[in-house]
Amino acid sequence: MAKVRTQDLLDRFNLELLAGEDGVHREINTSDISRPGIEMTGYFEYYPKERLQLLGKTEMSFFNDLKPEEKRDRMEKLCTDITPGMVITRGMDVPEELMIAANEAAVPVMRSPHKTTRVISRLTNFLEVKFAPFTAVHGVLVDIYGIGVLITGQSGVGKSETALELVKRGHRLVADDSVEIRQEDYDILIGNAPPLIEHLLEIRGLGIINVMTLFGAGAVRSHKKISFSIHLETWDQKKQYDRLGLEEDTMKIMDVKLPRATIPVRPGRNLAVIIEVAAMNFRLKRMGVNAAEEFSQRLTNMIEQEKEGKNE
Amino acid sequence: MVEKYVTVELTTGLQARPAAQFVQKANSYTSDLFIEKDGKRINAKSIMGLMSLAIASGEEILVIADGNDEEKALKELLSFVSES
């Protein structure tokens, strides 16, 4: 996993570095952010010193009412040798005591012009993405009618060819062959291509083609939430394939269970159309229309009626 | 399943052409073959996956083989990358 350093925050956000320049390469190890309010009162028992510290209006106004020696003491205790940084919000003035303590312990002090809550949520979002669990999957990710469909299957089964056909039909390629997936929150998977092979597709016999230059900017996406997966496999005579679509199979990627359909591959089956329809059908199901279930209900009703008819 | 760490000795690293040869070799086996570098695992039978790792000369990779001909596959892949 990539390391996150205080410098990354400075690069990403509109933050002003005011003191502790020596510490900008400190590593941030957690996405949690601390607002040291209780610590301002002198209680440092549970001070989460490894977190990024955020000083908002409340903390600062309490601090300003302290006696000079208390001020010095609190700031010295806040700036430890592992604290990755202090952020002051609302463009407030940085107290002299903090500047001295921060320079001494090399804790970067940054200032943001925005409101505290806004800063917290933006920093948290940024850090959560950076610390999200991560994996790479062998497969192709395509955005079909707005649904991120992950196509998996053995090497040579025709994933890339299917992706090409889907792109030709107006859908968007996210990644070919290797999909980097990160888990956001506890139930969301976001996939993207490794930077080196972004927009590229490998077709046996043709080699590597660039989908963006061939089909235009509308044919690619940089990343996409994955909602559905399709597993392609060579037709196995002995295996039972789903004939009704009543059951929903799933596959697990990290902590997330992804709905999955297994589609047998045989010459003459147009996979792109099947996958396109699978994506639409998945969408329809999520909107509450389930063809298989409705049909099954109709069949059950019909059988019940006939039974009653006979009994009368 | 067999796996082994190996240092890549190919002087050019796994550039496009050697990567293609590597994948051709991998595809001649029925076992599932994987390569891991810096915690990223890819299918050794996929050229795009392999190239996305951008393996340079002198880097250490983990080669994993799983299947009927795993021993043979692992041996051949290891010898391919350890030749300079």
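The values are calculated or read from the model by the stated rules, or taken from the named source; none is laboratory data. If you're wondering where the values come from, they're calculated on a predicted model, not measured in any experiment. Because the Cβ atoms are built from the backbone with ideal geometry, glycine has one as well, and the counts that use them run over all protein chains shown. In case anyone asks, the SASA skips ligands and DNA or RNA and just uses the protein heavy atoms, side chains included. Shrake-Rupley method; radii C 1.70, N 1.55, O 1.52, S 1.80 Å.
Some observations on this one:
- Our note on the geometry: Cα centres of the range A:210-235 and the range A:240-312, 24 Å apart.
- Listed residues A:Gly288, A:Gly23, A:Gly268, most fluctuating in chain A (Gaussian network, C-alpha, under 10 Å): A:Gly268
- Residues with amide H under 5 Å from that of A:Ala19, placed H, sequence gap 5 or more: A:Val109
- For q = 0.20, 0.24 Å⁻¹, Debye-computed log10 I/I(0) when each Cα of the range A:25-82 counts as one equal scatterer: -0.74, -1.01
- Minimum 20 Å² accessible area buried by the other protein chains, the range A:142-159 residues, probe 1.4 Å, relative to alone: A:Gln154, A:Ser155
- Of interest is the spacing of the C-alpha centroids, which for the range A:66-98 and the range A:1-62 amounts to 10 Å.
- Calculated mean residue ellipticity at 222 nm for chain A: -10500 deg cm²/dmol, from DSSP H runs with n ≥ 4 weighted as -39500 (n - 2.57), summed, divided by the residue count and rounded to 500.
- For B:34-42, mean number of other protein chain Cβ atoms within 10 Å: 3
- For the protein assembly as shown, the Kirkwood radius over C-alpha pairs fed into Stokes-Einstein at 4 °C and 1.567 mPa s yields D = 52 µm² per second.
- Listed residues A:Ser121, A:Gly23, A:Ile82: farthest to the positive end of the dipole of the range A:4-130 (Cβ charges): A:Ser121
- For the range A:1-105, the fraction of alpha-carbon pairs in successive 10 Å shells from zero, as %: 14, 52, 29, 4, 0
- Put simply, chains A and B cover up around 1100 Å² of each other's accessible surface, both sides summed, when a 1.4 Å probe is used.
- Each residue, A:Glu294 and B:Asp66, gets one label point 7 Å from its Cα in the Cβ direction; the gap between the two is 4.1 nm.
- Eligible lysines near A:Lys239 by straight Cα distance, threshold 28 Å, same-chain separation 8 or greater: A:Lys159, A:Lys252, A:Lys257, A:Lys285, B:Lys45
- Highest-fluctuation residue, A:Glu39, A:Glu294, A:Glu76 considered, GNM on chain A with Cα pairs under 10 Å: A:Glu294
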